[in-house]
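Contents: one structure, followed by commentary.
The values are calculated or read from the model by the stated rules, or taken from the named source; none is laboratory data. This is a predicted model, so every value here is computed, not measured. Counting neighbours? That spans all protein chains shown, and the Cβs are built from the backbone with ideal geometry, glycine included.
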């Protein structure tokens, strides 16, 4: 329904024609001026009446000032740190499911690891193999965090953080401080 970039934001109630928008961006370098949508203020995009909101590429855009106006029931953080801690607490109280950046934004880190593994082994995987391994890892991560969240009553962010801290602590115990 809406998308923004560093130059502006657009919205269309009936949904955007994504292939046409992609062609437009390839020509102009921006979403601004796309003929099949209305321009809106970038901050207003966050407060639209949508089911899912994906804040990507910008840190700290969901704050205590705007969190209470967010209507989305699911937020998937595609950027590093798009939600401030105060906003996260507000969203939690409002029953918004936040898939945290540490989980939702992990695909790039996982694929970087795959590149490192391949370079160390001098053995190259096909694109299909990389994508299959990525899907497997991302689904395993999602399942682990979701299950921890459900068992403990923690938010997904707290569960993901608890798992990460536990893994680091385990590694230090097993390997010592300086592996």
On the basis of being over 23 Å from residue 158 (Cβ atoms) and assigned to a loop (DSSP other than H, G, I, E, B), does residue 21 make the cut?
no
List the helices (runs of 4 or more DSSP H) inside the range 76-179, counting only whole elements, that have at least 3 residues being surrounded by 11 or more Cβ atoms within 10 Å (Cβ to Cβ) and over 14 Å from the mean Cα position of the chain (by Cα).
85-93, 107-121, 127-152, 156-175
When you scan the range 120-134, do you find a residue that is in contact (Cβ under 8 Å) with a residue 40 or more places away in the chain and outside the structural domain of residue 61 (by TED's automatic domain parsing), even just one?
no
In this structure, is residue 35 modelled with pLDDT under 95, surrounded by fewer than 17 Cβ atoms within 10 Å (Cβ to Cβ) and over 24 Å from residue 82 (Cα atoms)?
yes
Tell me which of these residue 40 doesn't satisfy, since it passes every other one: (1) loosely packed, with under 14 Cβ neighbours inside 10 Å; (2) not assigned by TED's automatic domain parsing to the domain that holds residue 92.
(1)
In the range 61-71, residues that are touching a helix residue (DSSP H, G or I) at 6+ places or on another chain (Cβ under 9 Å) and assigned to a loop (DSSP other than H, G, I, E, B) total 6
